[in-house]
């Protein structure tokens, strides 16, 4: 095969290949979602979130994460954070709320969400974010968990503190999970019982969560806190209802769900607002 033929083949392949997405300017929005095939950052013009003041019963976690976020957004040292614990208690909402507060204070913090199934592409994402001058990025991985045959957690380790190049100085990672160690308990127990060196096998799995500088636990709320959440939503949206009626209806709603949480409180309020003719 001569050089002319090779040149024509190369030119034909180049025409068939999709053009690479240009690096974003991050002027279009303050939040983006990372996609692959092809790699691109999709702007989110309206983020689905609640006000920081409406997040009830998580005061310590709220204050700690907000302080850490503002430190980072101002260019100072800050820790990666793992928000773990009970479902529906505001872990994801808190991440989005502290980002909104940083933006409200005029800080150049951009929220970038990456899906768990795209974690193996995180190195390419960091390369894009690391080139953006004058911007600070909050990389958000929501609802993380890993199974026994999952290798995605190794990509996450490199983001936290591993890898040759490390994490760019302008990127911080916040992740949420229902599990403290991101791995199911039976998986950890199985490693102990079947591995030749059980201590090393378990350490490989649980060391991922150890790489987060902040661990913030979220626990099921008490009934008074559940009612306080709903009352806060009513006040924020101007919905008038007396305390006795609110308490009766809210407790009945909670009983049908078999649980109390911030999510259940919002679902009840959504139903209540709809019945009262209020748009959210």
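The values are calculated or read from the model by the stated rules, or taken from the named source; none is laboratory data. All values derive from a computational prediction rather than experimental measurement. Virtual Cβ from ideal backbone geometry, glycine too; neighbours counted across all protein chains shown.
Exactly one of these conditions fails for residue 22: (1) outside the structural domain of residue 119 (by TED's automatic domain parsing); (2) at pLDDT 90 or above. Give me its number.
So residue 22 meets the others, but not (2).
Which of the residues that make up the range 107-121 are at pLDDT below 95 and surrounded by fewer than 22 Cβ atoms within 10 Å (Cβ to Cβ)?
108, 115, 116, 117, 118, 120, 121
Tell me, which strands (runs of 3 or more DSSP E) wholly within the range 38-155 include 2 or more residues that are within 30 Å of residue 221 (Cβ to Cβ)? Steps first, please.
On the way: elements: 40-43, 81-85, 109-113, 136-141.
Here the list reads 81-85, 109-113, 136-141.
Say we look at the range 223-260 and pick out the residues that are over 29 Å from the mean Cα position of the chain (by Cα) and surrounded by 14 or more Cβ atoms within 10 Å (Cβ to Cβ); which of these is nearest to residue 278 (Cα to Cα)?
Result: 239.
Here is a yes/no grid of residues against (1) farther than 26 Å from residue 68 by Cα; (2) at pLDDT 55 or above; (3) outside the structural domain of residue 80 (by TED's automatic domain parsing):
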| position | (1), (2), (3) |
| --- | --- |
| 181 | no, yes, no |
| 186 | yes, no, no |
| 190 | yes, no, no |
| 193 | yes, no, no |
| 196 | yes, no, no |
| 199 | yes, no, no |
| 211 | no, yes, no |
| 235 | yes, yes, yes |
| 246 | yes, yes, yes |
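Within the range 63-84, can you find the residues that are in contact (Cβ under 8 Å) with a residue 24 or more places away in the chain and surrounded by fewer than 20 Cβ atoms within 10 Å (Cβ to Cβ)?
Hits for the range 63-84 are 64, 66, 70, 74, 75, 78, 79.
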